[in-house]
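Enquirer: Handing you this structure, nothing more for now.
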Amino acid sequence: MQRVRSAVQRAVDHDDDADRLLDLLDLLLEWRGITPAGLAADLDRVLAVLALDTPAARTIVSAHFTGRHGAAWQTAYQEVTAAWQAAGLTPASA
């Protein structure tokens, strides 16, 4: 996932070798209504959550990609934000 994020960021930064990636992602980006920079930011958030490597973190990542933000997501989000706060981090709002 980190490699994908790096490749997207290189494309955002107009790296000639990575520009083809944006061509491949164009339909996805249009469908999701996000920019390449927005995709890079989303991947940053996903990687930050995955770094916790907990079941709650995996629930949040799954919900992010499926769009299902029900009760399980809310509980998982509370667990993850509590872990971040215990580590001295301030998570961005969901």
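The values are calculated or read from the model by the stated rules, or taken from the named source; none is laboratory data. The structure presented is a predicted model; accordingly, all values stated were derived computationally and were not measured. Remember, those area values only see protein heavy atoms, side chains included, never the ligands or the DNA or RNA. Shrake-Rupley method; radii C 1.70, N 1.55, O 1.52, S 1.80 Å.
Enquirer: Just name the residue that is least open to solvent (accessible area, probe 1.4 Å) out of those in region 25-65 that are of a type in the set (G, A, S) and more than 14 Å from the chain's Cα centre (by Cα).
Expert: Here the residue is A56.
Enquirer: For the structure I just gave you, tell me whether R68 is of a type in the set (K, R), open to solvent by 40 Å² or more (accessible area, probe 1.4 Å) and part of a loop (DSSP other than H, G, I, E, B).
Expert: On the way: of a type in the set (K, R): yes; open to solvent by 40 Å² or more (accessible area, probe 1.4 Å): yes; part of a loop (DSSP other than H, G, I, E, B): yes.
Criteria met by R68.
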